[in-house]
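The values are calculated or read from the model by the stated rules, or taken from the named source; none is laboratory data. Remember, it's a predicted structure, so these values are computed and weren't measured experimentally. Reconstructed Cβ throughout: ideal geometry from the backbone, glycine too, with neighbour counts over all protein chains shown. SASA here: full protein model, heavy atoms, side chains in, ligands and nucleic acids out. Shrake-Rupley method; radii C 1.70, N 1.55, O 1.52, S 1.80 Å.
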Amino acid sequence: MTLPATLSFTSASVGLLAALLALGMSSAPGWRELRWFAACAACAALFNLANAPITIHGVPDEVLLVSSRLNLFFGGLHASAWFMFIAAQERRSLSKLERVMVPLGLLWSGFALVPGLIVQDRIEPRHVAWLDVTYCDSPPTTFGKLSIAYYVACVIYLLVRAIVRWLRGDPLARSQAFAVGGVVVGGIHDALATADI
């Protein structure tokens with residue numbers, strides 16, 4: 001097994017554990033917002049599971065195509081779940097802008113499941129010499145690149161919002177900024193990797 005596949009399986013395991021723990025804790029009074037955190041963690045875990053096959057030698061192309069679609073599907077759900085978690089944590093409704101951003105993210109997510117719309121119907125191997133591993137996945141279409149940019153823009157919006165609130169003295173915003181900042185770094189990394197940079 002390759003190092004990237006091992007990291008994907010490990011991340012998925014940690015994410016599923018976090019989802020189960022958050023879901024269990026969400027039954028306690030005053031912790032209901034953790035249901036949305038459980039959704040965030042579960043989507044991240046499923047995203048990582050979808051990433052796992054792309055560096056494993058001998059995986060059939062049909063599986064890699066489905067994996068590439070599921071990757072962007074769960075990526076979109078993950079971004080949308082963060083909006084819901086943060087709104088629930090702050091005990092507020094989604095803002096007008098967020099009420100547009102979330103459904104749009106869910107729509108793009110659904111588009112990822114349509115063959116050929118978000119990712120191309122072919123597998124493209126890319127060897128990474130310094131890691132001595134070959135990534136075999138489906139390159140995004142132009143529409144797919146726009147969806148990736150949209151997902152990254154969504155979490156950057158949440159990061160900027162959290163930083164502004166943190167600077168204004170909101171103690172809750174600090175943990176949100178660190179958490180969403182990690183998602184932003186991961187999203188930018190994945191966008192650059194998908195673009196073969």
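Values computed for the structure shown
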| quantity | calculated |
| --- | --- |
| Test for G169: is it in a loop (DSSP other than H, G, I, E, B) and out of contact with any Lys or Arg (no Cβ under 9 Å at 6 or more places or on another chain) | yes |
| Residues satisfying the stated conditions in the stretch 7-48, i.e. open to solvent by less than 60 Å² (accessible area, probe 1.4 Å), without any contact (Cβ under 8 Å) to a residue 12 or more places away in the chain and under 26 Å from S109 (Cα atoms) | none |
| Qualifying residue in the stretch 165-176 (condition: free of Cβ contacts under 8 Å to residues at least 24 places away in the same chain and open to solvent by less than 30 Å² (accessible area, probe 1.4 Å)) | yes |
| Residues that are of a type outside the set (S, T, Y) and more than 18 Å from the chain's Cα centre (by Cα), drawn from the stretch 23-49 | L23, G24, M25, A28, P29, G30, W31, R32, E33 |
